[in-house]
Amino acid sequence: MIGALEYEFFQRALAAGLLAAVASGIVGTFVVARRIASISGGLAHAAFGGIGLGYLVGFPPMAGALAFGLLSALGIGVVELRLRQGLDTLIAMVWAVGMALGIIFASLAPGATPDLLSYLFGNILFVPPAYLWFTAILDVFLVVVVIRLYHPLQAVAFDEEFSWVAGVPVAALFLLLLGLTAVTVVVLIRVVGVILVIALLTIPAAIARHWTGGLDRMMVLATAIGAVCITAGLFISYWLSASAGLDIPTGPFIILLVASLYVVSAIAHSLLGRRRGV
């Protein structure tokens, strides 16, 4: 399996996966702590509308995904803060509307029918070099934001009502969190696709929460879990293809590894809790 590192596309895929693990570990921790896991799925499907519009109008589909994702995130945040319509309802709406628009726009695009499967299920083996730079910049930005705003973000994630009383700018931080989630979701679309992005963003953080309660430690552990699963998924899928002729899509295989690890973690955490009498 080490022989895979001889190929430039595999080196790029591995670097992309590790960089994406950092973003998902940081943002996923806040998403899980804030209990808004479904927001990642909603924003991913909303971003699909931008992908379809990109094919229709003629600009890069991922640029459209980023624009749609950010606008949807800010729209959800503003409506929730002002009208209190409930996040679940808003997420379900942008989820469905984004997918519908994406399919309609893609069907109206001139020329050959766009290949949407790579966006639905990811294609980490063919990420462009520009993706690495964009993800690296996002990671640096996320680290800076967390360092500068760690305590306010922690307060908003764990106790929003107390944060309002304490004078923490809850609305601004909530919109910031949604915006960062939208950008991270678009990044992860290239790794595991629109349909599976919710799993990669939330499951590593959920596993980390089994073993630690502090946000900083959760971020580090979630990042490590994501990095290990992405790396293992890349190498194992390559080995299966090279030795057994099984052409297994890498993105879905990574998700299966993460989900399997969650099951093991949940069982181990439950058993340890029973032994301790918790």
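Just one residue in the set LEU196, LEU176, LEU138 is crowded, with 23+ Cβ neighbours inside 10 Å and either within 13 Å of the chain's Cα centre (by Cα) or modelled with pLDDT of 90 or more (or both); that residue is LEU196. Residues that are touching a residue at least 12 places away in the same chain (Cβ under 8 Å) and acidic (Asp, Glu) do occur in segment 83-93, at least one of them. Screening VAL32, VAL79, VAL97 for residues that are crowded, with 19+ Cβ neighbours inside 10 Å, among the β-branched types (Val, Ile, Thr) and assigned to a helix (DSSP H, G or I) leaves exactly one candidate, VAL32.
Let's see how each residue does on (1) among the aromatic types (Phe, Trp, Tyr); (2) modelled with pLDDT of 95 or more; (3) surrounded by 23 or more Cβ atoms within 10 Å (Cβ to Cβ); (4) more than 16 Å from the chain's Cα centre (by Cα):
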{"site": "THR212", "(1), (2), (3), (4)": "no, no, no, yes"}
{"site": "ILE230", "(1), (2), (3), (4)": "no, no, yes, no"}
{"site": "TYR238", "(1), (2), (3), (4)": "yes, no, no, yes"}
{"site": "GLY245", "(1), (2), (3), (4)": "no, no, no, yes"}
{"site": "ILE248", "(1), (2), (3), (4)": "no, no, no, yes"}
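Would you check if there is a residue in segment 82-92 being in contact with a Phe, Trp or Tyr (Cβ under 9 Å, 6 or more places away or on another chain), buried (at least 18 other Cβ atoms within 10 Å of the Cβ) and not hydroxyl-bearing (Ser, Thr, Tyr)? No; the residues of segment 82-92 include none that is in contact with a Phe, Trp or Tyr (Cβ under 9 Å, 6 or more places away or on another chain), buried (at least 18 other Cβ atoms within 10 Å of the Cβ) and not hydroxyl-bearing (Ser, Thr, Tyr). Only a single criterion out of (1) modelled with pLDDT under 90; (2) in a helix (DSSP H, G or I); (3) over 21 Å from THR250 (Cα atoms); (4) not acidic (Asp, Glu) is not satisfied by MET218, namely (1). Filtered by the rule that a residue be in a loop (DSSP other than H, G, I, E, B) and under 25 Å from LEU177 (Cβ atoms), segment 107-166 gives GLY122, ASP159, ALA166.
The values are calculated or read from the model by the stated rules, or taken from the named source; none is laboratory data. All values derive from a computational prediction rather than experimental measurement. As a convention, Cβ positions derive from the backbone with ideal geometry for all residues, glycine included, and neighbour counts pool all protein chains shown.
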